[in-house]
């Protein structure tokens with residue numbers, strides 16, 4: 001029964017873990033092409049306003065390939081790269097877009113890159129060249145590639161959930177092992193070999209192939225007497241006297257009740273039989 005409880009707890013923990021993973025997946029910032037295009041158009045609009053241009057247009061944002069987009073303009077412009085960094089960061093944050101991306105400013109004529117930077121959502125890992133120097137007026141396109149999607153599965157939250165799950169599973173395993181019989185042949189605990197069983201009188205325990213069978217005090221006392229006289233008939237009077245009479249307790253057919261309990265606990269070994277010798281007593285028969 002205890003083992004079943006442990007298994008049920010393990011299954012429940014697995015279900016909870018999966019729910020957390022999938023719910024967390026839904027919370028991950030997703031890269032929606034339409035959302036990206038709206039955010040980048042806003043970035044372009046802010047750059048034009050910064051350069052005192054309120055009339056020229058931001059051209060339609062195009063998707064170049066998976067997770068990569070291009071922002072272009074109707075006319076030439078000049079801008080401070082620092083404004084680009086702050087505008088992109090604010091627009092992506094407000095739109096709920098992934099926070100790991102690479103930005104490149106390209107000249108339309110020769111496709112050279114006068115400015116680029118990389119955001120990794122970690123101030124210590126971001127690569128942002130110093131701004132403050134305006135790019136000279138010219139034709140530019142701005143390309144953005146999101147780099148978070150490939151590695152977003154192992155987010156910080158998922159890592160925490162995974163560690164929690166592993167710790168919980170380790171706890172269940174330790175609890176399960178604790179329920180198993182701890183038998184160390186090097187300690188002082190002695191046992192008696194009884195067919196395929198090991199009988200531990202002091203612990204009131206039978207062990208068969210790592211399966212622990214608990215014995216009551218009276219069952220243990222009876223079995224100890226039989227083990228001391230294998231294949232010999234032990235009289236009822238002797239059993240009653242040693243197990244019950246000395247304790248001042250004698251109740252009808254109580255001996256037969258305990259013999260029946262012992263038989264059930266020894267039934268897994270066919271080489272062991274508790275035989276009723278009619279009118280005399282009982283014999284523990286052990287086949288060699």
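Worth a mention:
- 134, 197 arranged by Cβ crowding within 10 Å, fewest neighbours leading: 134, 197
- Rounded if a/c under 1.5, otherwise prolate or oblate - the stretch 44-136, Cα gyration tensor axes: rounded
- Footprinting exposure proxy ranking of 97, 159, 106, fewest other C-beta atoms within 10 angstrom first, gives 159, 106, 97.
- The alpha carbon centroids of the stretch 214-286 and the stretch 97-115 are separated by 89 Å.
- As a ratio to 2.2 N^0.38 Å, the alpha-carbon radius of gyration for the stretch 192-286 is 1.02.
- Label point distance in nm, residue 286-residue 90, each placed 7 Å from Cα along Cα→Cβ: 8.9
- For the stretch 107-147: rounded, prolate or oblate by the Cα gyration tensor [a/c cutoff 1.5]: oblate
Coordinate-derived values only; no laboratory data. As the structure is a prediction and not an experimental result, all values here were calculated from the model. Every residue, glycine as well, gets a Cβ built from its backbone with ideal geometry; the counts of neighbours run over all protein chains shown.
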